[in-house]
1. Please pick out the residue among Ile112, Ile118, Ile83 that is within 24 Å of Gly38 (Cα to Cα) and under 23 Å from the mean Cα position of the chain (by Cα).
2. Among the candidates Thr64, Thr36, Thr106, single out the residue that is modelled with pLDDT of 90 or more, on the phi < 0 side of the Ramachandran plot and assigned to a helix (DSSP H, G or I).
3. Keeping to region 51-100, report how many residues are hydroxyl-bearing (Ser, Thr, Tyr) and closer than 19 Å to Ala6 by Cβ.
4. Between a first residue in region 92-106 that is touching a residue at least 60 places away in the same chain (Cβ under 8 Å) and open to solvent by less than 60 Å² (accessible area, probe 1.4 Å) and a second residue that is in a helix (DSSP H, G or I) and not small (Gly, Ala, Ser), which pairs have beta carbons less than 7 Å apart while being 6 or more apart in sequence or on different chains?
5. Restricting to region 14-63, and then to whatever is among the aromatic types (Phe, Trp, Tyr) and open to solvent by less than 80 Å² (accessible area, probe 1.4 Å), can you tell me which residue is nearest to Gln82 (Cα to Cα)?
Amino acid sequence: QALMLAFPGVIINCVLTALFCVYAFPYSWSWAEAITFGSIVSATDPVAVVSILSDLGASPRLSTLIEGESLLNDGSAFVLYQIALQFVKGEDPSAEAVVGQFCLLTFGGIAIGLLFGIASVVWLRLVFNDQRIEIIITVSSCF
């Protein structure tokens, strides 16, 4: 469900922001610049929404869905930004290059995340009840 909300939402938000930038701003932005700007500002932050939902007593499933959708929003916006940035730089990538970069960023990020996650779990199993080392492994593995 979060995947169905995230990527189309980022695309729609990015396109609407780009339309506004091209037609309402007096800066004479190109479409590539407007889409790049739209990809930067299109990712939403759910901190306030999740806080309000917890105060109202909403179901934890709804909060989890919103947080998951936000993570996917951030990833989708980053992929869109990287692709739009090529056009701003003056490069003219082919459709195959754009699809290839999209797949590389999307699936490469998943692969690297899984690799670091598995390595962290294995490393944490080797270290037992050493709080400093456990905290260092946990914090450093996400960066």
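The values are calculated or read from the model by the stated rules, or taken from the named source; none is laboratory data. Every value quoted in this text rests on a predicted model; they were computed, and no experiment measured them. We place every Cβ from the backbone using ideal geometry, glycine too, and count neighbours over all the protein chains shown. These area figures cover heavy atoms from the full protein model, side chains too; ligands, DNA and RNA do not enter into them. Shrake-Rupley method; radii C 1.70, N 1.55, O 1.52, S 1.80 Å.
1. The unique qualifying residue is Ile83.
2. Values: Thr64 fails: modelled with pLDDT of 90 or more; Thr106 fails: modelled with pLDDT of 90 or more.
Matching residue, one of Thr64, Thr36, Thr106: Thr36.
3. Summing the residues that are hydroxyl-bearing (Ser, Thr, Tyr) and closer than 19 Å to Ala6 by Cβ in region 51-100 gives 5.
4. none
5. Within region 14-63, the match that is nearest to Gln82 (Cα to Cα) is Phe37.
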